[in-house]
Structures are given as structure tokens and as C-alpha cells.
Amino acid sequence: MKELLLIGIGPGHPDYLTVQAIEAMRRVDVFFFLEKAGEGKGELIRIRREILERFVPDGGYRIVTAQSPTRDASGPYRDGVEAWYRAKADLFAGLIEHELADGECGALLLWGDPSLYDGTLAILKGLLEEARVAFALEVIPGITSIQALTARHKIPLNRIGEGIQVTTARRLAATDPEQIANTVVMLDSNAAFRELAGTDLTIYWGAYLGTEDEMLVSGRLADLATDLAEQALRAKAEKGWLMDIYLLRREGPRE
Ligand SMILES: C[S@@+](CC[C@H](N)C(=O)[O-])C[C@H]1O[C@@H](n2cnc3c(N)ncnc32)[C@H](O)[C@@H]1O
């Protein structure tokens, strides 16, 4: 039987790897590296290579690289994502079939945790359900970018008895600002918080967390939204890509 591990590597710093992830990496025969066009492509691969050099110094594995399909953003969002997932499913099926021998262990090193805004797990489960390829799947959890954000700002993710919403910048745009009490926003990179500059919310913002370019800003959105947007978009222009996450919080008495 072939084995495939989805290993969460945390959101950027090699120190974020868990002992379980390190031990899992040491029994891998083939690491699959997906190269993405655009956004930080070289850097994200470099970080994975550094992780392997540091934690599996004796080698003994192969690296198979493949070009990751890109999402067509020209049509409706859902159609684009579904076509993208189908292309990725074909890619994974081919890699498992042709690049992994029976009895071997393959792995994908996934950013943060495999369960959070990452389609890989759903795609691989789809392959198993359709019986397109046979393999044993294992998931190794990782530290998420949410945990890195709260740790770096030294804040709890929720206050006493409070709920937590995790959403995307695309969904934030369609949210009534009055309904925001304690919301983590991911997948932005375009300073969507600017639209909330007139609200009474506090923002805890972090970009490139855990890397040498890490940026941290917090305060009342009304006071800093414009400056922060400028800072974020400048970093994006200089580096060519922006990976940021933030918590929007309403202060004052709550139910
Ligand atoms: C495709 S999702 C993957 C999330 C990942 N699975 C996790 O557990 O954090 C990518 C988004 O995660 C957030 N993110 C991941 N790593 C980050 C980091 N080091 N600094 C800031 N945001 C990060 C950003 O919102 C980014 O747009």
C-alpha cells in the first residue's frame, strides 16, 4: 500500500514545526513540491527546502516538483475554484500513481495546518472516495497563522465565553459591520479593512508572520486604517506579494 502524509509545517518559521511533523518527515521517501506561479513562489519553496535540510539532514528522500494549476479568476468564483480543484485532483492522482512506488511514503508539506483554508485534504479525500488511486492518508496538524497572529500580539483569540468567526476578505466585504465582534480575516492581501475605517473596531494585523519580513500593527481601525493600508500595499509592491491576517474586535460591553 502507498502512504501519503499531509504535514502541517506552520506559517513560516521552522521553529513552528511540531515533534510529530518532524518525526513524520523522517519516514518520507518522496516529498511533492508544488510550484505556484506568482505570489511568493520561490520563497515558499525555499522555506520548505530549509525545513528539510534542518530536520532531515541525512537526506534519504526524493523531491518531486510539479507545476501547481492556477485558478481562473475570470468567471464566477465557485466555477473557477471547482475547475481548479479538478485540475489539482488530476495532478495528485498522477503523482501518486507514477511517482510513488508501492510500500513508499509520500508527503506534502502544507502551510500552517492542513485543515484551514487549504483544499488539498478535500481533494485527496475526493480521490479516495472515487477510488481513482489507492493510498493510506494521514494528516499531521500544524500551527495555524491564527495562532501565530494571537501569539505575536499576545492576545487571547476570544474573550470570556465569546464566539470566534473566521472568514475571508471576500466574505468580509459582504458582512454587516455591526455584526463583527470577534472576527479573524484571512486571504486578503488587498487591505479590505479599509472599508471599515468608519467603525469602532480594533484591528490586530500581522503580515509574513514568523519570517524575517514579519510586520505587526494593532490599534483602533478608525485611527490607523489609512496608514496601515498604505504600509501593507507598499510591502506588497516591494516584495511582489502579501500574506496577511488580522483579527477585528469590538471593544466595550458585550452580551
Ligand atoms: C491558503 S491560506 C492557508 C492557511 C494555512 N493553512 C494556516 O493554517 O494558516 C493562506 C492565508 O493564511 C494566512 N497566512 C498564512 N501564513 C501566514 C503568515 N505567515 N503571515 C500572515 N498570514 C498568513 C493569510 O491570510 C493567507 O492569505
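Structure data summary
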item	result
Karplus-derived 3J(HN,Hα), 6.51/-1.76/1.60, for each residue of the range 28-36, Hz, glycine and proline x	8, 8, 9, 9, 9, 9, 9, 8, 9
In order through the range 202-218: 3J(HN,Hα) via Karplus (6.51 cos²θ - 1.76 cosθ + 1.60), integer Hz, x for Gly, Pro	9, 10, 10, 10, x, 10, 6, 4, x, 9, 5, 9, 3, 10, 9, 9, 9
Under 24 Å from residue 239, Cα to Cα: lysines that are on another chain or at least 8 residues apart	36, 41
Using alpha-carbon coordinates, inclination of helix 77-99 to the longest axis of the chain, degrees	30
Percent carbon-and-sulfur accessible area, the chain, ignoring ligands, DNA and RNA, probe 1.4 Å	49
Acute angle (nearest 10 degrees) that the helix 120-129 long axis makes with the longest principal axis of the chain, alpha-carbon atoms	50
The chain - accessible surface per residue (Å², probe 1.4 Å)	51
Three principal axis lengths of the range 3-143 [C-alpha, angstrom, descending]	45, 33, 22
Residue with peak Gaussian network fluctuation, the chain [Cα springs, cutoff 10 Å], from 29, 188, 58	58
Ellipsoid semi-axes in whole angstrom, largest first, where each is sqrt(5λ) of the Cα gyration tensor of the chain	35, 20, 18
Inter-site label distance for residue 97 and residue 237 at 7 Å from Cα along Cβ, in nm	4.7
Antiparallel %, DSSP beta bridges [both residues in the chain], to 5	45
Nearby lysines by direct alpha-carbon distance to residue 2 (threshold 25 angstrom, same-chain neighbours under 8 apart not counted)	88, 125
In order through the range 181-192: 3J(HN,Hα) via Karplus (6.51 cos²θ - 1.76 cosθ + 1.60), integer Hz, x for Gly, Pro	10, 7, 10, 8, 10, 10, 6, 9, 6, 10, 6, 4
For the range 146-250, projected area of the alpha-carbon convex hull averaged over all directions, nm²	6.2
Pair residue 1, residue 166: separation of 7 Å Cα→Cβ label points (nm)	2.8
Neighbourhood charge, 13 Å Cβ-Cβ cut-off, centred on residue 30 and excluding it, Lys, Arg +1 and Asp, Glu -1	-3
Cut-off under 5 Å, modelled amide H: who pairs with residue 243 long-range	208
Point-to-point label distance, residue 153-residue 131, nm (Cα→Cβ direction, 7 Å offset)	4.9
Gain upon complete extension [residue 86, residue 104; 0.36 nm per residue less C-alpha separation]	4.0 nm
Under-5 Å amide H pairs with residue 166, H placed in peptide plane, nonlocal only	184
5 angstrom amide H check on residue 8, placed H, neighbours 5+ away	110, 140, 142
Cβ-defined net charge surrounding residue 199, 14 Å radius [Lys, Arg +1; Asp, Glu -1]	-2
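The values are calculated or read from the model by the stated rules, or taken from the named source; none is laboratory data. Only a predicted model underlies this, so the values are computations on that prediction, with no experimental measurement involved. Glycine also receives a Cβ, built like all others from the backbone with ideal geometry; neighbour counts cover every protein chain displayed. Protein only, heavy atoms only, side chains kept; ligands, DNA and RNA dropped before computing areas. Shrake-Rupley method; radii C 1.70, N 1.55, O 1.52, S 1.80 Å.
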